[in-house]
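Reading through the structure tokens given below for one structure.
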Amino acid sequence: MTRAIQIAAVGGPEQLQLVDVKVGDPGPGEIRIRHHACGLNYIDVYHRTGLYPLKLPHGIGMEGAGVIEAVGEGVTHLKAGDRAAYASNPPGSYCEARVMPAKTVCKLPDGIAFDTAAAMMLKGLTVQYLLKKTQPQGGIAAGDFLLWHAAAGGVGLIACQWAKAMGLKLIATAGSAEKCQLALDHGAAFAIDYRKENFVERVKAITGGQGVKVVYDSVGKDTFDGSLDCLRPFGLMASFGNASGPVPPFAPGLLGPKGSLYLTRATLFTHIATREATQAMADDLFAVVQSGAVKIRIDQRYPLAEAAQAHRDLEARKTTGSSVLLP
């Protein structure tokens, strides 16, 4: 038996219940991992509230790090005793141990701590596919401007550093002067406090009226329209989250007069659909972290039993950087 956080009904943080569950042996293509740390992400809120429905009761949590206890038939890239980390479906990482598919679990380099790994896998792989694979027409190159919303969060602070390492000029938005300074301290070229400033006007001023080549937006409803107005002709709107709520339906014809814009709704799990793709992306992430160009900032640590409080803090925008749960 092991302890795990599950939801039996959708709703608020109070639905997160600590329960005892049985963990068996891994089947073909599976591993059993004992967690040393579990990651906290906004997608966990979407699962808890039912925005992304699960068959209930169900565990939640999409990333973790720990030690492999057993491997099933056909698993060759991991063995018992290996340090490992993952971002993966199905949800269920808020637990002491679990059996799960092996294909998106990666061997963790010795130089990366378990809590760092749990804080960076989903977030870091998200930044990797966005900056490296979700690019506007003609790509992005050193010196180009891009706009990144919610830049003081776990994903955003990784993006600020990685964009700087690529020579990009990242314009960050955040909800306070302190959060803006945090983004600047982590490599953002400019920061906009969206509570006090019109981010569209500031982006136009920063870019000399041209706009940015690409907007990376995890906020959703509250920033979508303004984000389109920040783009230069043929620019790309990359929507990858709904922190303020889903974007309402809109007429695609709006993209034409705004500059023949491109729009994508991206998701990590399309990119890590195969073992080979997952490993290649993870290798890129591990390399940039081990080089020191990207440092993983963990500002909140919670015991596993306090997952509900972690969700309250996340939704109230009280958190900065990454958060982890400790079994």
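Every number here is computed from the coordinates shown, using simple stated rules; none is lab data. As the structure is a prediction and not an experimental result, all values here were calculated from the model. All Cβ positions, glycine included, derive from the backbone under ideal geometry; neighbour counts span all protein chains shown.
Summary of values
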item: Spatially proximal lysines relative to Lys213 (Cα-Cα < 23 Å; intrachain offsets below 8 disregarded); result: Lys123, Lys132, Lys133, Lys164, Lys169, Lys204, Lys221, Lys258
item: Top of Ala273, Ala316, Ala191 by mean-square fluctuation, Gaussian network on the chain, Cα under 10 Å; result: Ala316
item: Backbone N under 19 Å from the Ala287 label point (7 Å along Cα→Cβ), restricted to the stretch 67-111; result: 106-111
item: Efficiency of FRET between Thr264 and Lys22 - r from beta-carbon atoms, R0 30 angstrom, step 0.05; result: 0.15
item: Per-residue ³J(HN,Hα) for the stretch 176-190, Karplus 6.51 cos²θ - 1.76 cosθ + 1.60, θ = phi - 60°, Hz, x for Gly and Pro; result: 6, 4, 5, 5, 4, 5, 4, 5, 4, 5, 9, x, 4, 7, 9
item: Length-normalised contact order of the chain in % [C-alpha pairs under 8 Å, at least 6 apart]; result: 18 percent
item: Cβ-defined net charge surrounding Val247, 14 Å radius [Lys, Arg +1; Asp, Glu -1]; result: -1
item: Extended-chain gain in nm, criterion 0.36 nm per residue less alpha-carbon gap, Glu315 and Ala280; result: 9.4 nm
item: Dipole in debye (nearest 20) - the chain, about Cα centre, beta carbon charges: Lys, Arg +1; Asp, Glu -1; result: 420 debye
item: Between the stretch 58-134 and the stretch 263-319, the Cα center-to-center distance that results, in Å; result: 10 Å
item: Per residue Cα convex hull volume in Å³ - calculated over the chain; result: 123 Å³
item: Proxy reagent accessibility, fewest Cβ within 10 Å first, across Thr126, Thr264; result: Thr264, Thr126
